[in-house]
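The values are calculated or read from the model by the stated rules, or taken from the named source; none is laboratory data. Just so you know, these numbers come straight off a predicted model, no measurement behind them. No Cβ is skipped: glycine too gets one built from the backbone with ideal geometry, and neighbour counts run over all protein chains shown. Side chains are part of the model used for accessible areas, which takes the heavy atoms of the whole protein and leaves out ligands, DNA and RNA. Shrake-Rupley method; radii C 1.70, N 1.55, O 1.52, S 1.80 Å.
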Amino acid sequence: MEVLQRVDRDRLAELRDRDEFFWLDLSDPRPEDIKTLGETLGLHPIAMEDTVEFGQRPKLDTYGDHVLFVFYTVRRGRNTGEGLFEPVEVHIYISGGFVVTIRRAECTELDSLHHELDAADPKAEDYIVYKVFDVLTDAFYPIIELLEEHIDALESHILLSRPSQEQLAEIYRLKQRVQELSRRVIPQRDRFTTGSDVILALPGLARGAKEYLRDVGDHLSQIAGELHRQQDDLTALTSTYFNANANRLNAVATRLTIGGTLFIVWTLVTGFFGQNFGWLVRHIDSRHAFLVYGLGSLIVPTVIIGTLFWVKRKDWF
């Protein structure tokens with residue numbers, strides 16, 4: 001099977017005349033190239049319009065002898081502004097004689113597949129279609145693992161260190177990105193469930209003994225489940241953040257309570273000895289009396305209260 005990476009009208013016409021199955025992979029093509037492609041392969045004008053505009057939602061459109069599947073994969077963010085990952089939109093045209101993939105962004109999974117499919121058996125045409133969908137789908141798994149590591153790191157920082165507003169903002173940003181990815185994966189999974197049968201029913205598409213495309217559907221369901229679980233984890237992490245903050249505030253309130261209790265006792269003692277009773281004025285007039293009655297009346301209740309707090313620390317705090 002031949003793998004092409006540019007629109008060559010003569011070469012495409014030659015392959016069509018020989019009824020030889022091929023894969024054409026275009027990266028950021030010009031509108032003129034898309035127009036030439038549509039005229040040469042007989043692709044529907046409405047489908048061509050969607051591909052020129054791009055920015056489509058996941059969908060499967062059937063046009064008689066060919067289909068257009070707007071499929072999303074994902075890749076790691078190339079810079080800090082993109083975050084941990086960014087979705088990649090791929091338009092996949094499938095017929096009984098060819099597979100065409102068109103994307104505007106770099107997709108290393110498709111690039112690495114060129115040499116593998118270049119030597120593939122052209123008679124197993126449904127396997128070639130499966131491999132294209134398979135590499136695009138499997139690209140989600142490293143991103144899911146990356147998200148998992150990031151969520152675990154956030155949870156550790158929140159539980160083991162002082163929670164900060166930056167961590168809360170990061171949780172919300174990450175939750176929005178996961179929801180954005182999930183909004184693409186879920187309809188993509190739903191459309192692939194029925195779309196796989198539509199693809200296999202295309203006239204002229206040779207099928208092997210194994211139903212390869214069902215494997216892609218299973219992977220999409222698994223990925224959708226993992227993204228849903230991570231949304232739940234981030235929601236729970238938000239609650240953990242607020243609970244950790246509440247625990248920190250409780251610890252501060254506990255310290256203030258202990259200090260306030262001691263100051264109440266000290267204020268009571270000093271207030272009593274500050275009164276101008278005749279006996280106090282006449283008898284507490286020496287260093288010994290000052291140490292016994294003055295300092296002693298402060299130290300003794302402080303030791304008693306401190307001991308009580310220490311003994312009851314596990315029950316009260």
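Within the range 89-121, restricting attention to residues that are out of contact with any helix residue (DSSP H, G or I) (no Cβ under 8 Å at 6 or more places or on another chain) and either surrounded by 14 or more Cβ atoms within 10 Å (Cβ to Cβ) or small (Gly, Ala, Ser) (or both), which residue is modelled with the lowest pLDDT? Steps first, answer last, please.
Quick first cut of the range 89-121, residues out of contact with any helix residue (DSSP H, G or I) (no Cβ under 8 Å at 6 or more places or on another chain) only: 89, 104-106, 108, 111, 114-115, 118-119.
Next, only the ones that are either surrounded by 14 or more Cβ atoms within 10 Å (Cβ to Cβ) or small (Gly, Ala, Ser) (or both) stay: 89, 104-105, 119.
Working: Glu89: 94, Arg104: 91, Ala105: 87, Ala119: 61.
Checked the range 89-121; the qualifying residue modelled with the lowest pLDDT is Ala119.
The single condition among (1) open to solvent by 30 Å² or more (accessible area, probe 1.4 Å); (2) over 30 Å from Arg313 (Cα atoms); (3) in contact (Cβ under 8 Å) with a residue 12 or more places away in the chain; (4) part of a helix (DSSP H, G or I) that Thr240 does not satisfy is (2).
Got at least one residue in the range 16-30 being touching a residue at least 24 places away in the same chain (Cβ under 8 Å), small (Gly, Ala, Ser) and part of a helix (DSSP H, G or I)? Outline the logic, then answer.
Going through the range 16-30, the residues touching a residue at least 24 places away in the same chain (Cβ under 8 Å) turn out to be 16, 19-29.
Narrowing the set further to residues that are small (Gly, Ala, Ser) leaves 27.
Cutting the leftovers down to part of a helix (DSSP H, G or I) gives us none.
Checking the range 16-30: not a single residue is touching a residue at least 24 places away in the same chain (Cβ under 8 Å), small (Gly, Ala, Ser) and part of a helix (DSSP H, G or I).
Of the listed requirements (1) out of contact with any strand residue (DSSP E or B) (no Cβ under 8 Å at 6 or more places or on another chain); (2) free of Cβ contacts under 8 Å to residues at least 24 places away in the same chain, Arg11 misses just one: (1).
Before we move on, is Leu174 touching a residue at least 60 places away in the same chain (Cβ under 8 Å), open to solvent by less than 20 Å² (accessible area, probe 1.4 Å), farther than 30 Å from Arg248 by Cα and of a type outside the set (Gly, Ala, Ser)?
On the way: touching a residue at least 60 places away in the same chain (Cβ under 8 Å): yes; open to solvent by less than 20 Å² (accessible area, probe 1.4 Å): yes; farther than 30 Å from Arg248 by Cα: no; of a type outside the set (Gly, Ala, Ser): yes.
When the stated conditions are applied, Leu174 does not pass them.
Could you please let me know if Leu147 is modelled with pLDDT of 85 or more and open to solvent by less than 30 Å² (accessible area, probe 1.4 Å)? Yes: the conditions hold for Leu147.
Rundown of residues vs (1) at positive phi; (2) in contact with a helix residue (DSSP H, G or I) (Cβ under 8 Å, 6 or more places away or on another chain); (3) open to solvent by 20 Å² or more (accessible area, probe 1.4 Å), yes/no style:
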position: Ala13; (1), (2), (3): no, yes, yes
position: Asp17; (1), (2), (3): no, no, yes
position: Glu20; (1), (2), (3): no, no, yes
position: Thr40; (1), (2), (3): no, yes, yes
position: Pro58; (1), (2), (3): no, yes, no
position: Asp61; (1), (2), (3): no, yes, yes
